[in-house]
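Asker: Mind looking over this structure? Questions follow.
The values are calculated or read from the model by the stated rules, or taken from the named source; none is laboratory data. Bear in mind the structure is a predicted one, so any value in this text is a computation, not a measurement. Glycine gets a Cβ as well: all are built from the backbone with ideal geometry, and neighbour counts include every protein chain shown.
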Amino acid sequence: MRLPTLVFAIMAAALSLTVANAAMPQQSEQASISHAWIRWLPGKLPMAGYFTITNSGSSKVVLTGAASRDFGKVMMHESVNKGGAETMRHVARLPVPAGEHRSFAPGGYHLMLMQRRHAIKVGDTLGITLQFADGSSKKIEFIVKGAAG
Amino acid sequence: MKTVAHYLAAMLSLLLLAGCGSDSQVRYTARNVTGVVAPLQFTLTDEDARPLAARDLRDKIVLMYFGYTHCPDVCPATLARVTHAFKDLGADAGRMRMLFVSVDPKRDRPSVLKAYTDAFSPLIVGATGTSTQLTDMARRYRVAYRLGKPDANGDYAVYHSSAIFVFDGRGQARLLITGTETAPEIAADLEKLLANP
């Protein structure tokens, strides 16, 4: 009698876990994105993409990267000023706690958009897919603004 | 360590002497560096591949910035702020020039520099030089720059100064914009400079 009880308990636990997983929203659904724009630069120069990510869910979301059909390479970067000198560092993971937001804005976090695959002009909208730690993703339309913003 | 000590000493004297110039009564948002920073002097090659020296910018208020075009965030944000400040100044902007000194001459050929500065304002002029010319300039203005390690694609970042040096029409250093000033604050400072030549 004990074995069936155990099996039942395991099955029940597995079931509740599945239900919990189904109820737990994907990170891409918890995150809302606003003010998505790219600063246009001429030629083949790398450009920066900016946006605000807001986590309206009840658990943390973690941004892990981005990709786009329009660029060969997209990286999350942060500009850092140390004693009056500027440098950039690669950001592999950016956690956004529940109820908080993070701004990708000039002089701080930005998407570095490299190796553009076609000509891009001011006024274009380009799709960039943001990737999250749970494997979910979200495609965002970024508007291309002039160099002076 | 000696270099660091020298740098700190220079920064300290900069802080102590700031505001002791002829226009010490005028309040600027940027740091007043009158008599502290070396006058405008350089020899470079401009974005039209012509020689460019300080005397070519005589009678202009010159905003000098060290950067590189493959810098997608901070450099364009700085150039954008100056572009907006120039717009705020209206006709007075004609008396200003921004000199964008690329410390990355390998990638920043004149044509690349020209396309880059033209994307912002016709009042922004790009220039670069040989490594000797750039090293001399960096030493003169006590700024550091260093090329980063190239990645698999040969792309590299450049560590560079974030300050904008402002010189008056006689080539004397007057202000140091350190990076936090807004476009209206920069415009107001430049108006004050025009009024206190």
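Asker: Only one of (1) under 23 Å from B:P150 (Cβ atoms); (2) out of contact with any Asp or Glu (no Cβ under 9 Å at 6 or more places or on another chain); (3) surrounded by fewer than 18 Cβ atoms within 10 Å (Cβ to Cβ); (4) modelled with pLDDT of 95 or more fails for A:R117. Which number is that?
Answerer: Failing condition for A:R117: (2).
Asker: Would you check which residues across the stretch A:129-149 are within 14 Å of chain B (Cβ to nearest Cβ), part of a strand (DSSP E or B) and hydrophobic (A, V, I, L, M, F, W, C) and list them?
Answerer: Selection gives A:F142, A:V144.
Asker: Can I ask one more? Can you tell me how many residues in the stretch B:169-194 are part of a loop (DSSP other than H, G, I, E, B) and over 17 Å from B:M64 (Cβ atoms)? Full working, then the answer.
Answerer: First pass over the stretch B:169-194, keeping only residues part of a loop (DSSP other than H, G, I, E, B): B:169-172, B:178-182.
Now drop any that are not over 17 Å from B:M64 (Cβ atoms), which leaves B:180, B:182.
Final tally of qualifying residues: 2.
Asker: I want to confirm something. Restricting to the stretch B:158-168 and keeping residues that are part of a loop (DSSP other than H, G, I, E, B) and facing another protein chain (nearest Cβ under 8 Å), which single residue is modelled with the highest pLDDT? Give the steps one after another, and end with the answer.
Answerer: As a first pass, look at the stretch B:158-168 and keep what is part of a loop (DSSP other than H, G, I, E, B): B:162-163, B:168.
Retained after the next criterion (residues that are facing another protein chain (nearest Cβ under 8 Å)): B:162-163.
Numbers: B:S162: 82, B:A163: 91.
Among residues in the stretch B:158-168 that are part of a loop (DSSP other than H, G, I, E, B) and facing another protein chain (nearest Cβ under 8 Å), the one modelled with the highest pLDDT is B:A163.
Asker: Another question, if that's okay. Residues of the stretch A:97-127 being outside any loop (DSSP other than H, G, I, E, B) and among the charged types (D, E, K, R), which ones?
Answerer: The answer is A:R102, A:R116.
Asker: Which one of B:G179, B:G171 is within 26 Å of B:D108 (Cβ to Cβ) and within 14 Å of chain A (Cβ to nearest Cβ)?
Answerer: Exactly one residue qualifies, and that residue is B:G179.
Asker: Examine the stretch B:67-74 for a residue that is of a type in the set (A, V, I, L, M, F, W, C), at pLDDT below 95 and crowded, with 22+ Cβ neighbours inside 10 Å, and state whether such a residue exists.
Answerer: Yes.
Yes/no matrix, rows are residues, columns are (1) aliphatic (A, V, I, L, M); (2) within 15 Å of B:P105 (Cα to Cα); (3) in contact (Cβ under 8 Å) with a residue 60 or more places away in the chain:
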site	(1), (2), (3)
B:L44	yes, yes, yes
B:D56	no, no, no
B:V62	yes, no, yes
B:T69	no, yes, no
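Asker: How about the stretch A:45-59: which of its residues are farther than 17 Å from A:Y109 by Cβ, of a type outside the set (S, T, Y) and more than 9 Å from chain B (Cβ to nearest Cβ)?
Answerer: Across the stretch A:45-59, the qualifying residue is only A:G57.
Asker: Sticking with this one: Give the residues of the stretch B:36-66 that are in a strand (DSSP E or B), among the aromatic types (F, W, Y) and surrounded by fewer than 24 Cβ atoms within 10 Å (Cβ to Cβ), sorted by residue number. Walk me through how you get there before you give the answer.
Answerer: Restricting attention to the stretch B:36-66, the residues satisfying the condition of being in a strand (DSSP E or B) are B:43-46, B:51-53, B:61-66.
Restricting the remaining residues to those that are among the aromatic types (F, W, Y) gives B:65-66.
B:Y65 - this is the single residue of the stretch B:36-66 that is in a strand (DSSP E or B), among the aromatic types (F, W, Y) and surrounded by fewer than 24 Cβ atoms within 10 Å (Cβ to Cβ).
Asker: Something else: Assuming B:V101 fulfils every condition listed in (1) within 16 Å of the chain's Cα centre (by Cα); (2) within 19 Å of B:A187 (Cβ to Cβ) apart from one, which condition is it?
Answerer: Result: B:V101 passes all but (2).
Asker: Right, another one. Which residues, counting only those in the stretch B:124-157, are touching a Lys or Arg at 6+ places or on another chain (Cβ under 7 Å) and either crowded, with 21+ Cβ neighbours inside 10 Å or outside any loop (DSSP other than H, G, I, E, B) (or both)?
Answerer: B:V125, B:G126
Asker: In the stretch A:33-64, how many residues are out of contact with any Lys or Arg (no Cβ under 9 Å at 6 or more places or on another chain) and more than 30 Å from B:D118 (Cα to Cα)?
Answerer: Final tally of qualifying residues: 6.
Asker: What residue, among those in the stretch A:63-90 that are modelled with pLDDT under 95 and hydrophobic (A, V, I, L, M, F, W, C), is surrounded by the most Cβ atoms within 10 Å (Cβ to Cβ)?
Answerer: The selected residue is A:M88.
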